[in-house]
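The values are calculated or read from the model by the stated rules, or taken from the named source; none is laboratory data. Quantities reported herein were computed from a predicted structural model and do not represent experimental measurements. Note that we place each Cβ from the backbone using ideal geometry, even for glycine, and neighbour counts take in every protein chain shown. Please note that ligands, DNA and RNA were not included when accessible areas were found on the heavy atoms of the full protein model with its side chains. Shrake-Rupley method; radii C 1.70, N 1.55, O 1.52, S 1.80 Å.
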Amino acid sequence: HVNHDPCTLVSKDDPAQPHTAISDLDLTGAAGEFVSVVGPTGCGKSTLLNVAAGLLQPSEGGVKVFGEPLAGINRRAGYMFQTDSLMPWRTALGNVAAGLEFRGEPDAPTVAEGWLRRVGLGGFGNRYPHQLSGGMRKRTSLAQTLALDPDIILMDEPFSALDIQTRQLMENEVLALWAEKRKAVLFITHDLDEAIALSDRVAVLSAGPASHPLGEFTIDIPRPRDVAEIKTSARFVELHAAIWA
């Protein structure tokens, strides 16, 4: 649950002038719910995710994680970034195992290998990031995030740099893995098609600065879903028109 009114960040252009990124926001995600936040570039979507992760502190309001006020880093969340966050000196297996090793997990390599197989990279554990395609690096990042078994998954436009075919494959992969354990997901995107296809609920932010919520929409399209096929359904078209408006 995120409530901050407003969230103030220091402007990069003039540090003496505070910049209000988001104001009047009250957003709650239920356990196991897939929530997407959409809005134009610069509306504070990544700011919102960083506040939920505990990387930024809101100037007013606060964040609650399973009913408890968040202080510092959100240890119950896993964060999948927009850009590659893989360590170039570690193999794919080493990257997936890294968080487990830092946490003291004795079976880190075995768990990591299992997650690589689940994302379709069972035979690529010994490859370094520069030896992997963009889609394979995203699969590795996804395995790296899910291997820690977080209760909340934060995703910041993770597939925006991929070609459309790879992107749809990754979106379906995420849906399949999410359906296994139904973790809470907060997904940031500027792609309305992606948000509707993946989500239980879509929240819309206005343009910034001082971005504010414009509305929330329940995505009542039955699951399981295929992100390519769903876009031809009448309900998808109806929801897309309503949210776009």
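Numbers below:
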quantity: Selected residue (only one of Gly114, Gly94, Gly123, Gly99 is over 16 Å from the mean Cα position of the chain (by Cα), in a loop (DSSP other than H, G, I, E, B) and not hydroxyl-bearing (Ser, Thr, Tyr)); calculated: Gly123
quantity: Residues (more than 27 Å from Leu116 (Cα to Cα) and charged (D, E, K, R)) located in the stretch 201-226; calculated: Arg201, Glu216, Asp220
quantity: Neighbours by Cβ (under 6 Å, 6+ apart or cross-chain): first from the stretch 224-243, over 18 Å from Thr166 (Cβ atoms); second open to solvent by 40 Å² or more (accessible area, probe 1.4 Å) and assigned to a helix (DSSP H, G or I); calculated: none
quantity: Options Leu100, Leu93; residue that is free of Cβ contacts under 8 Å to residues at least 60 places away in the same chain and open to solvent by less than 20 Å² (accessible area, probe 1.4 Å); calculated: Leu100
quantity: Every residue from the stretch 43-90 that is at pLDDT 90 or above, of a type outside the set (A, V, I, L, M) and touching a helix residue (DSSP H, G or I) at 6+ places or on another chain (Cβ under 7 Å); calculated: Asn74, Gly78, Tyr79, Pro88, Arg90
quantity: Search result, residues across the stretch 181-202 that are in contact with a strand residue (DSSP E or B) (Cβ under 8 Å, 6 or more places away or on another chain), in a helix (DSSP H, G or I) and of a type outside the set (Gly, Ala, Ser); calculated: Leu192, Glu194, Ile196, Leu198
quantity: Matching option when the condition is surrounded by 14 or more Cβ atoms within 10 Å (Cβ to Cβ) and in a loop (DSSP other than H, G, I, E, B), among Pro106, Pro58; calculated: Pro58
quantity: Tally of residues being open to solvent by 90 Å² or more (accessible area, probe 1.4 Å) and aromatic (Phe, Trp, Tyr) across the stretch 202-245; calculated: 1
quantity: Residue in the stretch 10-28 that is within 18 Å of the chain's Cα centre (by Cα), at pLDDT 85 or above, within 30 Å of Ala112 (Cα to Cα) and open to solvent by less than 30 Å² (accessible area, probe 1.4 Å) present; calculated: no
quantity: Within the stretch 45-55, tally of residues that are open to solvent by 10 Å² or more (accessible area, probe 1.4 Å) and either of a type in the set (D, E, K, R) or within 15 Å of Ser211 (Cα to Cα) (or both); calculated: 3
quantity: Test for Gly78: is it farther than 18 Å from Ala195 by Cα, under 14 Å from the mean Cα position of the chain (by Cα) and not in a loop (DSSP other than H, G, I, E, B); calculated: yes
quantity: Any hit, the stretch 166-183, residues being basic (Lys, Arg), touching a helix residue (DSSP H, G or I) at 6+ places or on another chain (Cβ under 7 Å) and either within 25 Å of Asn74 (Cα to Cα) or surrounded by fewer than 18 Cβ atoms within 10 Å (Cβ to Cβ) (or both); calculated: no
quantity: Qualifying residue in the stretch 147-163 (condition: in contact (Cβ under 8 Å) with a residue 12 or more places away in the chain, assigned to a helix (DSSP H, G or I) and crowded, with 19+ Cβ neighbours inside 10 Å); calculated: no
quantity: Of residues in the stretch 126-145 being open to solvent by less than 20 Å² (accessible area, probe 1.4 Å) and either among the β-branched types (Val, Ile, Thr) or assigned to a helix (DSSP H, G or I) (or both), the one farthest from Ile188 (Cα to Cα); calculated: Pro129
